[in-house]
């Protein structure tokens, strides 16, 4: 089942990606300014390069002020053309950064929804491997130098048979566009190099009769140790999903839960990715939006807390994690303080520097107490749990 830590991680990833695109858009805006103040080589009039260079630098300063504050201080010494060019570049920056930000949120949410597709793909791979096992067992002549027992196989496994016969799973496979027609070489390779060479699977195939418990243990073993660990299927799955490392644990959990229910067609239930996707996606979008809207205020809180630190040496992802944690601490009264702090410590440990976990912990511990005393952080309902 989709957990809140992954959702928090997605919000952090979207904010990080937005910051990178914003930096890139600033460079494009500076290019626009440079072009506006470049000497006109086709003009017959004198081109004052020194003056143009000075105006270009002024426009760059004005641009950065606009990006930082959203407005420009009145300064009669700044030429009108500088202000005009800087404002034009800023509007282009703002428009593109807003568009990119919306795309980042949609992208991380689409990536999260794709976890369900990969989960169904893994179940489908089990079924395809059982087809290979059936063909292998039906083969009349085997390699005498590498004999393999055929008393049973993945295709005779009761759990696999339930999966294969289930119409709902079949519809899910079709609906998500999962087809192995062009990937049969991969399936054969997984069967030959991963499954057929596995000692546990060979032992299973050497016995003609199995209990339901043995069938269940075998199919879970194939999932964990073959599909999700052997380099051949793992390379394939990692290439399909850039965030496979983040998603694989959840995919495994969904698959195991489904397999455990597949002792019969009456009990089979395809595990849902989430109980309420609208609520989960709204949580990510809300965290993302709040951080953007309150970023300047969070800078004030953090500047005071980090006054003995060199801010430019703090990892960008750490600052984003701290701001996202502040958004949750302040604007989600139903989530306990300790839960928020512990979750973002774990995110920092996994996605930032080796020392980031302790750094985030130290900053949030002190800041959460301070902001609670000031009435900035107010908890209610379940949010009051373990806050003493």
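The values are calculated or read from the model by the stated rules, or taken from the named source; none is laboratory data. Please read these numbers as outputs of a predicted model, since none were measured by experiment. So basically every Cβ, Gly included, is an ideal-geometry build from the backbone, and we count neighbours across all protein chains shown.
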Query raised in the report: Which one is nearest to the chain's Cα centre (by Cα) among residues in segment 198-234 that are loosely packed, with under 13 Cβ neighbours inside 10 Å and assigned to a loop (DSSP other than H, G, I, E, B)?
Result: 229
Query raised in the report: Residues in segment 85-97: is at least one touching a helix residue (DSSP H, G or I) at 6+ places or on another chain (Cβ under 8 Å), in the same structural domain as residue 20 (by TED's automatic domain parsing) and under 30 Å from residue 240 (Cα atoms)?
Result: yes
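Right, residue 152: in a loop (DSSP other than H, G, I, E, B), modelled with pLDDT of 95 or more and surrounded by 18 or more Cβ atoms within 10 Å (Cβ to Cβ) or not? Steps first, please.
Working: in a loop (DSSP other than H, G, I, E, B): yes; modelled with pLDDT of 95 or more: yes; surrounded by 18 or more Cβ atoms within 10 Å (Cβ to Cβ): yes.
Criteria met by residue 152.
Could you please let me know if residue 231 is out of contact with any helix residue (DSSP H, G or I) (no Cβ under 7 Å at 6 or more places or on another chain) and within 18 Å of residue 194 (Cα to Cα)?
Numbers: out of contact with any helix residue (DSSP H, G or I) (no Cβ under 7 Å at 6 or more places or on another chain): yes; within 18 Å of residue 194 (Cα to Cα): yes.
Answer is yes for this residue.
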Report task. Would you please list the contacts, defined by Cβ atoms under 8 Å and residues six or more apart or on different chains, that run from a residue in segment 233-250 that is without any contact (Cβ under 8 Å) to a residue 12 or more places away in the chain to a residue that is in a loop (DSSP other than H, G, I, E, B) and surrounded by 12 or more Cβ atoms within 10 Å (Cβ to Cβ)? Result -> 234/228
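Taking the condition in a loop (DSSP other than H, G, I, E, B), crowded, with 17+ Cβ neighbours inside 10 Å and under 31 Å from the mean Cα position of the chain (by Cα), does residue 262 pass?
yes
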Query raised in the report: Is segment 253-268 home to any residue that is in contact with a helix residue (DSSP H, G or I) (Cβ under 9 Å, 6 or more places away or on another chain), under 19 Å from residue 114 (Cβ atoms) and without any contact (Cβ under 8 Å) to a residue 12 or more places away in the chain?
Result: no
Report task. Determine whether residue 195 is surrounded by 15 or more Cβ atoms within 10 Å (Cβ to Cβ) and under 33 Å from the mean Cα position of the chain (by Cα). Result -> yes
Query raised in the report: When you look at residue 383, is it in a loop (DSSP other than H, G, I, E, B), without any contact (Cβ under 8 Å) to a residue 60 or more places away in the chain and in contact with a helix residue (DSSP H, G or I) (Cβ under 9 Å, 6 or more places away or on another chain), yes or no?
Result: no
Query raised in the report: With respect to residue 91, is the statement that it is modelled with pLDDT of 95 or more, assigned to a helix (DSSP H, G or I) and surrounded by 20 or more Cβ atoms within 10 Å (Cβ to Cβ) true?
Result: no
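So, residue 32, is that one more than 27 Å from the chain's Cα centre (by Cα), in contact (Cβ under 8 Å) with a residue 60 or more places away in the chain and part of a helix (DSSP H, G or I) or not?
Numbers: more than 27 Å from the chain's Cα centre (by Cα): yes; in contact (Cβ under 8 Å) with a residue 60 or more places away in the chain: yes; part of a helix (DSSP H, G or I): yes.
For residue 32, the condition - more than 27 Å from the chain's Cα centre (by Cα), in contact (Cβ under 8 Å) with a residue 60 or more places away in the chain and part of a helix (DSSP H, G or I) - is met.
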Query raised in the report: Restricting the first residue to segment 161-183 and requiring it to be in the same structural domain as residue 134 (by TED's automatic domain parsing), which pairs with a second residue that is loosely packed, with under 15 Cβ neighbours inside 10 Å meet a Cβ separation below 7 Å and a spacing of at least six or different chains?
Result: 162/264; 162/265; 165/265; 166/265
Query - Search result, residues across segment 351-375 that are free of Cβ contacts under 8 Å to residues at least 60 places away in the same chain, more than 17 Å from residue 306 (Cβ to Cβ) and either in contact with a helix residue (DSSP H, G or I) (Cβ under 8 Å, 6 or more places away or on another chain) or not in a helix (DSSP H, G or I) (or both) - result: 354, 372, 374, 375
Query raised in the report: If residue 43 satisfies every condition in (1) farther than 24 Å from residue 291 by Cα; (2) in a helix (DSSP H, G or I) but one, which is the exception?
Result: (2)
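From the list 268, 254, 250, 242, exactly one residue is assigned by TED's automatic domain parsing to the domain that holds residue 165 and part of a loop (DSSP other than H, G, I, E, B). Which is it? If you could, list the steps in order and put the result at the bottom.
On the way: 268 fails: assigned by TED's automatic domain parsing to the domain that holds residue 165; 254 fails: part of a loop (DSSP other than H, G, I, E, B); 250 fails: part of a loop (DSSP other than H, G, I, E, B).
Answer to the check: 242.
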Requested in this report: Spot the failing condition for residue 241; the list is (1) modelled with pLDDT under 95; (2) farther than 30 Å from residue 125 by Cα; (3) surrounded by 12 or more Cβ atoms within 10 Å (Cβ to Cβ), and only one is missed.
Outcome: (2)
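Out of segment 142-176, which residues are farther than 25 Å from residue 215 by Cβ and touching a helix residue (DSSP H, G or I) at 6+ places or on another chain (Cβ under 8 Å)?
Step one: filter segment 142-176 for residues farther than 25 Å from residue 215 by Cβ, giving 143-146, 174-176.
Within segment 142-176, 176 is the sole residue that qualifies.
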Report summary line: So, first residue over 12 Å from residue 326 (Cα atoms) and not assigned by TED's automatic domain parsing to the domain that holds residue 66 in segment 293-311, second residue surrounded by 11 or more Cβ atoms within 10 Å (Cβ to Cβ) and modelled with pLDDT of 90 or more, Cβ within less than 6 Å, six or more apart or across chains; the pairs are 305/363; 305/367
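In this structure, is residue 53 assigned to a helix (DSSP H, G or I), without any contact (Cβ under 8 Å) to a residue 12 or more places away in the chain and farther than 30 Å from residue 9 by Cα? Outline the logic, then answer.
Values: assigned to a helix (DSSP H, G or I): yes; without any contact (Cβ under 8 Å) to a residue 12 or more places away in the chain: no; farther than 30 Å from residue 9 by Cα: yes.
No: the conditions fail for residue 53.
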Query - First in segment 274-287 and part of a loop (DSSP other than H, G, I, E, B), second anywhere and modelled with pLDDT of 95 or more and surrounded by 15 or more Cβ atoms within 10 Å (Cβ to Cβ), Cβ under 8 Å, 6 or more apart - result: 274/280
